[in-house]
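Report on one structure; see the data block that follows.
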Amino acid sequence: MDSGTGRAHGKAILLGEHAVVYGAPALAVPIPFLTATARATRVPCPDDGGEGISFTIAGPGPAASAPLPGDGTRQMLAEFREATGFSDDLCVDVVVDCAVPQGRGLGSSAACARAAVLALADLCGFGLDAATVFRLVQASENVAHGRASGIDAVATGSDSPVLFRSGVVQELSTNFEGRFVIADSGVGGSTKEAVELVRRRFEHDAQAKEEFVSRASGLTGGAVRDLEQGDLAGLGARLTENHVLLQELGLSTDRIDRLVAAALMAGSPGAKISGGGLGGCVIALAGGPGAAEELGRTLREAGATRTWIVPMRRLASHVD
Ligand code: MEV
């Protein structure tokens, strides 16, 4: 075979971002319609003995941050070679068509890395198990985020909402009827900078770290119960409380705060920043499909550059 393909998709974090880096649980939903598709094609090797594998990312720009940092892909490839015995004298072009917007906290770096790993494995005829794919994506993510919990590496390949804690994944099967409206603030943020900002904040304040992790853990645990019980108001209140925690750490922006306020004013049960922060997206809860459409309109009027609606169900049933 001369070419291979791999696919992944975006994700949104409902609760627990940043705290998850310190061992707290976090909840994420897949965004199936924001896809990353990679094609790996065997090409003639350059005469000068240069790099055997090249990566190109195609997709909506401009980029706030490159989705796959050069060091990250090198690390990922080194691990790929180790895991598969992939030979150095094979030359490959990998092109990733990435519809996941960059720098918006929607998992573009993990989705690109996952799609690329799967395309390379497909080209070489390797059937990689889930743990190996996770490890290879994490090799890139640890460079992209500085320190990555692993939630993006998992959620960008999952069919279901996931509860993630310290590398342990629980796929949630829920009949929760609520919808999430994701609203792009139009300004990108760097997850790496955000993770570093939090690290520095906690470096000399162990108590602040403990409090943040414990409060975020409580909110995520409560949200799992809300989802089981279909408690829209309860879940919404926890989302907004989680926003305040992230805001207190300096991870929100004026634009994001305005969008959160607009969502709440419009009757959303709860809203928050989602993902790394310092820009990016807001995630706001809505009841049914009609309420979600209406909330999306309100958020665009309040300055969101685009909105998406994500249900809390398995992927197979939410390609609608
Ligand atoms: C980024 O989507 C989520 C963070 O918690 C970083 C991570 O978990 O790797 C900010």
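Rule-based calculations on the coordinates, nothing more; no lab input. Quantities reported herein were computed from a predicted structural model and do not represent experimental measurements. Cβ placement follows ideal geometry from the backbone for every residue including glycine, while neighbour counts extend to all protein chains displayed.
Numerical summary
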| read-out | value |
| --- | --- |
| Extent along principal axes [Cα atoms of the chain; Å; largest to smallest] | 63, 47, 34 |
| Degrees between helix 130-145 axis and first principal axis of the chain (Cα, 0 to 90, nearest 10) | 70 degrees |
| The chain - mean residue ellipticity at 222 nm from DSSP helices (-39,500 (n - 2.57) per run, n ≥ 4, rounded to 500) | -13500 deg cm²/dmol |
| Once the Cα gyration tensor of the stretch 151-249 is diagonalised, semi-axes √(5λ) in Å | 25, 17, 16 |
| Between 0 and 90°, nearest 10: helix 206-229 axis offset from the chain longest Cα axis | 80 degrees |
| Ordering of 285-293, 231-239 by burial proxy (mean other Cβ atoms within 10 Å per residue, highest first) | 231-239, 285-293 |
| Neighbour-count order for ILE13, ILE31, fewest beta carbons within 10 angstrom listed first | ILE31, ILE13 |
| Nearest-ten-degree value, helix 70-84 long axis tilted from longest Cα axis of the chain | 60 degrees |
| Cα centroid of the stretch 168-193 to Cα centroid of the stretch 103-166, whole Å | 16 Å |
| The stretch 196-291: C-alpha gyration tensor shape, a/c 1.5 cut-off, then a/b vs b/c | oblate |
| Disulfide-incompatible cysteines by the Cβ rule (no partner under 4.7 Å) in the chain | CYS98, CYS112, CYS124, CYS281 |
